[in-house]
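The values are calculated or read from the model by the stated rules, or taken from the named source; none is laboratory data. If you're wondering where the values come from, they're calculated on a predicted model, not measured in any experiment. Reconstructed Cβ throughout: ideal geometry from the backbone, glycine too, with neighbour counts over all protein chains shown. Heads up: the accessible areas ignore ligands, DNA and RNA and are worked out on the full protein's heavy atoms, side chains in. Shrake-Rupley method; radii C 1.70, N 1.55, O 1.52, S 1.80 Å.
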Amino acid sequence: QVRLVESGGGSVQPGGSLRLSCAASGYTHYTYCMAWYRQAPGKEREGVAVSDRIGNTNYADSVKGRFTISRDNAKNTLYLQMVSLKPEDTAMYYCAADSRRDCTGSSWTTLGYFNWGQGTQVTVSS
(Lines give C-alpha, C1' and ligand atoms only; values in the text may rest on other atoms or scores of the structure.)
Protein backbone atom coordinates (compact mmCIF):
# COMPACT_ATOMS: atom_id res chain seq x y z
CA GLN A 1 0.00 0.00 0.00
CA VAL A 2 0.96 3.63 -0.39
CA ARG A 3 0.41 6.63 1.81
CA LEU A 4 -0.92 9.72 0.08
CA VAL A 5 -0.86 13.19 1.61
CA GLU A 6 -2.51 16.12 -0.14
CA SER A 7 -1.63 19.76 0.36
CA GLY A 8 -2.15 23.13 -1.26
CA GLY A 9 -5.84 23.64 -0.68
CA GLY A 10 -7.27 26.89 0.57
CA SER A 11 -9.78 29.65 -0.01
CA VAL A 12 -9.70 31.76 -3.15
CA GLN A 13 -11.99 34.12 -4.99
CA PRO A 14 -13.60 33.13 -8.29
CA GLY A 15 -11.04 33.34 -11.06
CA GLY A 16 -8.21 32.55 -8.69
CA SER A 17 -5.66 29.77 -8.86
CA LEU A 18 -4.39 26.99 -6.64
CA ARG A 19 -1.86 24.22 -7.02
CA LEU A 20 -2.53 21.00 -5.19
CA SER A 21 0.16 18.48 -4.39
CA CYS A 22 -0.07 14.82 -3.46
CA ALA A 23 3.01 13.23 -1.95
CA ALA A 24 3.21 9.45 -2.09
CA SER A 25 5.29 7.35 0.25
CA GLY A 26 5.62 3.72 1.18
CA TYR A 27 5.00 1.24 -1.59
CA THR A 28 5.19 3.78 -4.37
CA HIS A 29 5.21 1.09 -7.02
CA TYR A 30 1.46 1.20 -6.45
CA THR A 31 1.32 4.62 -8.10
CA TYR A 32 1.35 3.81 -11.80
CA CYS A 33 -2.03 5.51 -11.99
CA MET A 34 -2.77 8.57 -9.89
CA ALA A 35 -5.88 10.67 -9.95
CA TRP A 36 -7.61 13.61 -8.35
CA TYR A 37 -11.18 13.25 -7.18
CA ARG A 38 -13.38 15.74 -5.40
CA GLN A 39 -16.49 15.67 -3.27
CA ALA A 40 -18.73 18.56 -2.33
CA PRO A 41 -21.23 18.39 0.55
CA GLY A 42 -24.30 16.44 -0.47
CA LYS A 43 -22.74 15.26 -3.72
CA GLU A 44 -21.04 12.08 -4.82
CA ARG A 45 -17.31 11.87 -5.25
CA GLU A 46 -16.35 12.64 -8.84
CA GLY A 47 -13.22 12.22 -10.88
CA VAL A 48 -11.34 15.40 -11.74
CA ALA A 49 -8.22 14.27 -13.57
CA VAL A 50 -6.01 11.21 -13.98
CA SER A 51 -2.42 10.61 -15.01
CA ASP A 52 -0.31 7.52 -15.51
CA ARG A 53 3.44 7.25 -15.23
CA ILE A 54 4.10 7.56 -18.96
CA GLY A 55 2.23 10.79 -19.53
CA ASN A 56 -1.30 9.81 -20.46
CA THR A 57 -3.93 12.05 -18.91
CA ASN A 58 -7.65 12.64 -18.91
CA TYR A 59 -9.98 15.20 -17.37
CA ALA A 60 -13.55 15.71 -16.37
CA ASP A 61 -15.39 17.87 -18.88
CA SER A 62 -16.08 20.46 -16.21
CA VAL A 63 -12.38 21.21 -15.69
CA LYS A 64 -10.91 20.82 -19.16
CA GLY A 65 -8.93 23.88 -20.14
CA ARG A 66 -8.72 25.07 -16.54
CA PHE A 67 -6.99 22.28 -14.62
CA THR A 68 -3.72 20.57 -15.46
CA ILE A 69 -2.59 17.33 -13.88
CA SER A 70 1.10 16.53 -13.79
CA ARG A 71 3.49 14.38 -11.82
CA ASP A 72 7.11 14.20 -10.82
CA ASN A 73 7.87 10.51 -10.73
CA ALA A 74 11.29 11.04 -9.17
CA LYS A 75 9.64 12.83 -6.25
CA ASN A 76 6.61 10.54 -6.15
CA THR A 77 4.42 13.60 -6.25
CA LEU A 78 1.24 14.37 -8.17
CA TYR A 79 0.08 17.90 -8.89
CA LEU A 80 -3.10 19.61 -9.93
CA GLN A 81 -2.75 23.15 -11.24
CA MET A 82 -6.11 24.87 -11.08
CA VAL A 83 -6.80 28.20 -12.73
CA SER A 84 -9.97 30.19 -13.38
CA LEU A 85 -11.54 28.60 -10.34
CA LYS A 86 -15.31 28.71 -10.04
CA PRO A 87 -17.58 28.42 -6.99
CA GLU A 88 -18.69 25.02 -8.25
CA ASP A 89 -15.10 23.82 -7.87
CA THR A 90 -15.53 24.06 -4.10
CA ALA A 91 -14.99 20.59 -2.67
CA MET A 92 -12.68 18.35 -0.74
CA TYR A 93 -10.05 17.17 -3.19
CA TYR A 94 -8.63 13.70 -2.80
CA CYS A 95 -5.61 12.04 -4.31
CA ALA A 96 -5.86 8.39 -5.33
CA ALA A 97 -3.33 5.85 -6.57
CA ASP A 98 -3.34 2.37 -8.01
CA SER A 99 -0.94 -0.04 -9.67
CA ARG A 100 -3.15 -0.74 -12.66
CA ARG A 101 -1.73 0.30 -16.00
CA ASP A 102 -4.89 1.12 -17.94
CA CYS A 103 -6.47 4.05 -16.19
CA THR A 104 -6.66 6.98 -18.60
CA GLY A 105 -9.25 5.79 -21.10
CA SER A 106 -12.62 7.42 -21.65
CA SER A 107 -14.14 5.45 -18.79
CA TRP A 108 -11.50 6.45 -16.27
CA THR A 109 -13.98 8.02 -13.87
CA THR A 110 -15.60 4.64 -13.27
CA LEU A 111 -12.40 2.99 -12.06
CA GLY A 112 -11.80 2.17 -8.45
CA TYR A 113 -8.65 3.03 -6.53
CA PHE A 114 -7.13 1.13 -3.66
CA ASN A 115 -5.21 4.01 -2.09
CA TRP A 116 -6.64 7.35 -1.01
CA GLY A 117 -5.38 10.42 0.77
CA GLN A 118 -7.23 12.32 3.48
CA GLY A 119 -8.08 15.23 1.22
CA THR A 120 -7.44 18.95 1.04
CA GLN A 121 -10.22 21.53 1.05
CA VAL A 122 -10.67 23.94 -1.83
CA THR A 123 -13.14 26.77 -1.32
CA VAL A 124 -13.97 29.25 -4.07
CA SER A 125 -16.17 32.12 -2.99
CA SER A 126 -16.48 35.89 -3.01
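Some points to look at:
- Highest GNM mean-square fluctuation among 85, 18, 111, for the chain modelled with Cα contacts below 10 Å: 111.
- Highest-MSF residue in the chain out of 94, 37, 27 [GNM, Cα springs under 10 Å]: 27
- Largest first, the residues 67, 114 sort by 1.4 Å accessible area into 114, 67.
- Unit charges on C-beta of K, R, D, E only; dipole of region 35-126, Debye: 140 debye
- Separation between Cα centres of region 100-126 and region 18-95, rounded to whole Å: 6 Å
- Just checking the listed ones, 19, 38, 101: in the Gaussian network model of the chain with Cα springs under 10 Å, the one fluctuating most is 101.
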